[in-house]
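See structure below.
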Amino acid sequence: MSGDVRAIRGFNDILPPSSGHWQMVEHIAADILGRAGYGEIRLPLVESTSLFARSIGASTDIVEKEMYTFEDRNGDSLSLRPEGTASCVRAGISHGLFNGSQQRLWYRGPMFRHERPQKGRYRQFHQIGAEAFGIAGADIEAELIALSAELWRRLGLDRVTLKINSLGSVEDRARYREALVDYLKKHEQDLDEDSRRRLSQNPMRILDSKAEQTQAILQNAPHITDYLDENNTSHFAELCRRLDALGIEYEKDPFLVRGLDYYTGTVFEWVTDALGAQDAVCSGGRYDGLVEQLGGRATPAIGWALGMERLILLAEACDRLPESGAPHVYFVTLGLEAECEAMVLAQQLRSQVPSLRLVLNMGSGSLKAQLRRADKARAGVALIMGDAELEQHRVTVKFLREKRDQQALDWGDLKEFLRVRVAE
């Protein structure tokens, strides 16, 4: 490549036909969430750095090591958003969305973290997220989990497992924190470096460690569910009852804590083993204190976010992505008059046949050359119009993916012919 015009490491282009797969997933997610009463909110890419320090937690890896932070011309510290929940809460507070009313919202778009790039994990990554505000019961938790399960069903993905846990109340976690620290201090010298640092700052984050030696120590650590009060124990049992009623299978994971400080109560993850090591595809939980923490009224809240890159990889691994973006029709024209008439006819057909993908040849070319372009585009059929067809108001239909004889069609019959092709 001449010069140095290339993408920044960890910032990837999404090209056809992969972009068609992304559109398919986004369309299905938008349909599922919209039909359940979730309205789309579009959030800015840049926020005040303090928003994330106050919400995610100043001692988390995201804030300490991974955020893209800079000063603008006014000297204000700004950051590219590393996740969507804090921005969603900030927007809700700013516009008074939580003042005495329930809100169901969803968002999509890029997020940014300065991590080590690897397959499915990039510095610019993309999420779809759903958030619900003002509803304190297990009913909304079950609904949100069910909506994510419906996405897997619509995409035909079966290699996902739901893991759930409860982090309880602030008081529950304080009791558990004390027991956990007492246990881990007995093994402090064998913990990994990050876990030793977290032991005094945020010991529950150690439960999220991926270090093998720390994971081995955690096998005998106390479980937070043993420290829940009666209300939180009953709440978690109610969630399990509702998931059972919905037929959604799950595993209780006492070490599931999630990586952000704002989580309280129920937390959950959808994980898969189809991408090698077990990996989360969709994660979420309750964050009942966050709205008040950021300056709003006390508001119960819960949400989830899925990673688009990993979801697309999972769909590929499960062979669930159709060949997307290929045109139904490639319009071949021979002669200037045919080119002009075909352009008019192409516009009419696109408006008359919903979802029709019709590519009109550009740049002239011989019949053989245009048919090569049609084949390269993976079109289903070629419509051919030359002088003879133009005179008779007909086109010749050549089937490119089927063993069928070509046929002639009147212009008036094209709409129905293509409607059937699109529906197949």
Out of segment 368-387, which residues are farther than 14 Å from residue 342 by Cβ, out of contact with any Lys or Arg (no Cβ under 8 Å at 6 or more places or on another chain) and not in a loop (DSSP other than H, G, I, E, B)? 368, 369, 372, 373, 375, 376
Selected residue (criterion: surrounded by the fewest Cβ atoms within 10 Å (Cβ to Cβ)) from residues of segment 204-263 that are under 28 Å from the mean Cα position of the chain (by Cα) and among the β-branched types (Val, Ile, Thr): 248
From the set of residues in segment 317-352 that are of a type in the set (Ser, Thr, Tyr) and under 36 Å from the mean Cα position of the chain (by Cα), which is modelled with the lowest pLDDT? 324
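Restricting attention to segment 151-193, and to residues there that are in contact (Cβ under 8 Å) with a residue 40 or more places away in the chain and of a type in the set (Asp, Glu), which single residue is farthest from residue 231 (Cα to Cα)?
The selected residue is 158.
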Which of the following residues is out of contact with any Pro (no Cβ under 6 Å at 6 or more places or on another chain), on the phi < 0 side of the Ramachandran plot and surrounded by 12 or more Cβ atoms within 10 Å (Cβ to Cβ): 420, 344, 397? 397
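Quick one: is residue 184 out of contact with any strand residue (DSSP E or B) (no Cβ under 6 Å at 6 or more places or on another chain), farther than 21 Å from residue 219 by Cβ and surrounded by 13 or more Cβ atoms within 10 Å (Cβ to Cβ)? I'd like the intermediate steps shown before the answer.
Details: out of contact with any strand residue (DSSP E or B) (no Cβ under 6 Å at 6 or more places or on another chain): yes; farther than 21 Å from residue 219 by Cβ: no; surrounded by 13 or more Cβ atoms within 10 Å (Cβ to Cβ): yes.
No: the conditions fail for residue 184.
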Any chance residue 375 is of a type in the set (Asp, Glu) and farther than 15 Å from residue 399 by Cα: no
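Conditions (1) surrounded by fewer than 21 Cβ atoms within 10 Å (Cβ to Cβ); (2) modelled with pLDDT under 95; (3) in contact with an Asp or Glu (Cβ under 6 Å, 6 or more places away or on another chain), marked per residue:
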| residue | (1), (2), (3) |
| --- | --- |
| 110 | yes, no, no |
| 114 | yes, yes, yes |
| 118 | yes, yes, no |
| 130 | no, no, no |
| 133 | no, no, no |
| 141 | no, no, no |
| 145 | no, no, no |
Residue in segment 290-316 that is surrounded by the most Cβ atoms within 10 Å (Cβ to Cβ), counting only those that are part of a loop (DSSP other than H, G, I, E, B) and in contact (Cβ under 8 Å) with a residue 60 or more places away in the chain: 299
For segment 238-249, indicate whether the set of residues that are assigned to a strand (DSSP E or B) and on the phi < 0 side of the Ramachandran plot is non-empty. no
Check off (1) in a helix (DSSP H, G or I); (2) surrounded by 15 or more Cβ atoms within 10 Å (Cβ to Cβ) for residue 168 and give me the number that stays unchecked. (1)
Test for residue 258: is it basic (Lys, Arg), farther than 13 Å from residue 164 by Cα and outside any strand (DSSP E or B): no
I'd like the full set of residues that are acidic (Asp, Glu), touching a residue at least 24 places away in the same chain (Cβ under 8 Å) and either in the same structural domain as residue 119 (by TED's automatic domain parsing) or within 24 Å of residue 26 (Cβ to Cβ) (or both), limited to segment 317-352. 323
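The values are calculated or read from the model by the stated rules, or taken from the named source; none is laboratory data. This structure is a prediction, so every number in the text was calculated from the model and none was measured. Cβ atoms come from the backbone with ideal geometry, glycine included; neighbour counts cover every protein chain shown.
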